[in-house]
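Take a look at the structure below.
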Amino acid sequence: MWNELGAIPPAARTLGFLGLLPFFATAAASLSPSAPFHDIAPQALIAYGAAIISFLGGVRWGLAIAAPGGAPLFAPLAISVVPSLTAWIALLLSPGHGLILLAAGLAALLAADLRLLAAPDWYRALRVPLSAGAIVSLLLGLAA
């Protein structure tokens, strides 16, 4: 998998890593009482994490419907909506519980995506550092 890092299309690599910036910025703002937007940083971190985990569920939906004809769809599509439901619940919880749920959800989704054969190898390779950055940021938000 690690040898696939060089095979990641430049657009996916650039946009993927730029997508970590809101995680890092809101986690940093959560930790620094003098940071602008410190008061709303934990909720902003949860909201962005919810958006990203929902996006990842959408990737799974897209891969399922693009599978060659005749493949059973119910299970893959049902699994693909779990991240959005997780995101919705996280938004309803207290900040601490929401951050933990999203971090756990991203970890579980990463484990599942590493076994997702419908995705190109580079996608799985990209998911590892992006998920790690997101999960660490969500957990850092707990310290606020």
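The values are calculated or read from the model by the stated rules, or taken from the named source; none is laboratory data. Predicted model, so just to flag it, every value in this text is computed and none were measured. Using ideal geometry, Cβ is built from the backbone for each residue, glycine included, and neighbour counts are taken over all protein chains shown.
Considered as a group, the residues in region 58-90 that are in a loop (DSSP other than H, G, I, E, B) and among the hydrophobic types (A, V, I, L, M, F, W, C) include one that is surrounded by the fewest Cβ atoms within 10 Å (Cβ to Cβ), and that residue is ALA66.
Of the residues making up region 91-99, not a single one is within 30 Å of GLY69 (Cβ to Cβ) and part of a helix (DSSP H, G or I).
For the condition touching a helix residue (DSSP H, G or I) at 6+ places or on another chain (Cβ under 8 Å), without any contact (Cβ under 8 Å) to a residue 60 or more places away in the chain and over 27 Å from SER32 (Cα atoms), what is the one hit in ALA112, ALA87?
ALA112
Restricting to region 1-46, give me the number of residues that are of a type outside the set (Phe, Trp, Tyr) and within 18 Å of VAL128 (Cα to Cα). Spell out the reasoning first.
At the first step, the residues of region 1-46 found to be of a type outside the set (Phe, Trp, Tyr) are 1, 3-16, 18-22, 25-36, 38-46.
Keeping just the survivors that are within 18 Å of VAL128 (Cα to Cα) gives 1, 3-16, 18-22.
Qualifying residue count for the region: 20.
Restricting to region 32-57, give me the number of residues that are over 29 Å from ASP113 (Cα atoms) and either surrounded by 14 or more Cβ atoms within 10 Å (Cβ to Cβ) or in contact with a strand residue (DSSP E or B) (Cβ under 9 Å, 6 or more places away or on another chain) (or both). Give the derivation first.
In the first step, residues of region 32-57 are kept if they are over 29 Å from ASP113 (Cα atoms); the result is 32-40.
Those still in the list that are either surrounded by 14 or more Cβ atoms within 10 Å (Cβ to Cβ) or in contact with a strand residue (DSSP E or B) (Cβ under 9 Å, 6 or more places away or on another chain) (or both) too: 35, 38.
Qualifying residue count for the region: 2.
Looking at region 67-79, is at least one residue within 17 Å of the chain's Cα centre (by Cα), on the phi < 0 side of the Ramachandran plot and modelled with pLDDT of 95 or more? Spell out the reasoning first.
Within region 67-79, the first condition is being within 17 Å of the chain's Cα centre (by Cα), and the residues that meet it are 79.
Right, trim to on the phi < 0 side of the Ramachandran plot and you get 79.
When the remaining residues are screened for being modelled with pLDDT of 95 or more, the result is none.
No; the residues of region 67-79 include none that is within 17 Å of the chain's Cα centre (by Cα), on the phi < 0 side of the Ramachandran plot and modelled with pLDDT of 95 or more.
Residues of region 14-48 that are modelled with pLDDT of 95 or more, in a loop (DSSP other than H, G, I, E, B) and aliphatic (A, V, I, L, M): LEU20 alone.
For region 91-101, give me the residue count where each residue is without any contact (Cβ under 8 Å) to a residue 24 or more places away in the chain and surrounded by fewer than 17 Cβ atoms within 10 Å (Cβ to Cβ).
Within region 91-101, the subset without any contact (Cβ under 8 Å) to a residue 24 or more places away in the chain is 92-94, 97, 101.
Then keep just the ones that are surrounded by fewer than 17 Cβ atoms within 10 Å (Cβ to Cβ); that gives 92-94, 97.
Residues that pass the stated criteria total 4.
Does LEU102 satisfy the condition of being closer than 21 Å to PRO9 by Cα, assigned to a helix (DSSP H, G or I) and either touching a helix residue (DSSP H, G or I) at 6+ places or on another chain (Cβ under 6 Å) or modelled with pLDDT of 95 or more (or both)? So LEU102 does not fit the description; no.
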